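Data first, discussion second: the structure below is written as structure tokens.
The values are calculated or read from the model by the stated rules, or taken from the named source; none is laboratory data. Note that this is a predicted model, so its numbers are computed, not measured. Ideal geometry is used to build each Cβ from the backbone, glycine not excepted, and the neighbour counts take in all protein chains shown. We work out accessible area using only protein heavy atoms, side chains counted, and drop any ligands, DNA or RNA first. Shrake-Rupley method; radii C 1.70, N 1.55, O 1.52, S 1.80 Å.
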Amino acid sequence: MERELMLTGIGGQGVQLAAQILARAATLEDRHVLLFGVYGGAMRGGNTDSTLVVADAPIEAPPIVSSTWSALAMHHEFWEPVRAKLRPGGVVLVNSTLFEGEVDGSTHRVIEVPATQLAADLGSPLTASMVMIGAYAGATGLVGLNSLVEAMKQSVPPYRQQHVQNNAKALETGFERAPRGAAPAWNGGDSQGGTA
């Protein structure tokens, strides 16, 4: 079984780091993973997208997908190309603090997460992407919270270690905020999953 996730946002929102953390968390849970990131020339404000494919067996196709099971939208600016690839019944997590417009709830399972506001409430406005992937893990069970936190610790470079504690709190906040198991990724999966 394979699950695809496309993440989109604008540069500076942490989309690439969030995708890397999800990918690493899946590998910690012995899943097979392919990750492909794309971002515009501008460091901030340009488009940033990432595609993640997670499976319970070796993945044969490249991580450039024609359709996706799920999407995570940090911002509306570059949402349209991702929306076009979302399969009917797909799962969409939307950063409702910033996202303008609507996602069709009649054809998709839409979960609104005020990630930017929750991150600001934690005193760490730059952790919105951590809130979002925490919520994604809680809603889908693609990976467990413990794996997500460990993957984040492994992904943050040495010169940014001062952010680990705030990132962990943001992941936990998103996970707790999510409607648990609203869109299960795995049959019979446990959304708590992961290593202790």
Which sequence of R180, R24, R3 reflects their accessible areas, 1.4 Å probe, from the largest down? R180, R24, R3
Along region 8-13, Karplus-curve 3J(HN,Hα) (6.51, -1.76, 1.60; θ = phi - 60°) to the nearest Hz, with x for Gly and Pro, reads 9, x, 10, x, x, 8
The list (1) 29.0, 80; (2) 15.0, 45; (3) 19.0, 60 gives values of Rg and Dmax of the Cα atoms in Å, and only one came from this structure; which label was calculated from it? (2)
Dipole in debye (nearest 20) - the chain, about Cα centre, beta carbon charges: Lys, Arg +1; Asp, Glu -1: 280
Amide H contacts of T97 (H built 1.01 Å from N, under 5 Å, at least 5 apart or other chain): A115, T116, Q117
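Over region 56-130, with every protein chain in place, what whole percent of the accessible area is carbon and sulfur at 1.4 Å, could you tell me?
Details: 2010 of 3760 Å².
Here carbon and sulfur together make up 53 percent of the probe-accessible area.
Per residue of the chain, what 222 nm ellipticity follows from adding -39500 (n - 2.57) for every DSSP H run with n ≥ 4, rounded to the nearest 500? Provide the component values of the computation, followed by the final result.
On the way: 6 runs with 64 residues, N = 196.
Taking each H run of at least 4 residues, the total per residue is -10000 deg cm²/dmol.
May I ask you to derive the relative contact order of the chain, considering only C-alpha pairs under 8 Å and at least 6 residues apart, and to give it as an integer percent?
The normalised contact order for the chain reaches 21 percent.
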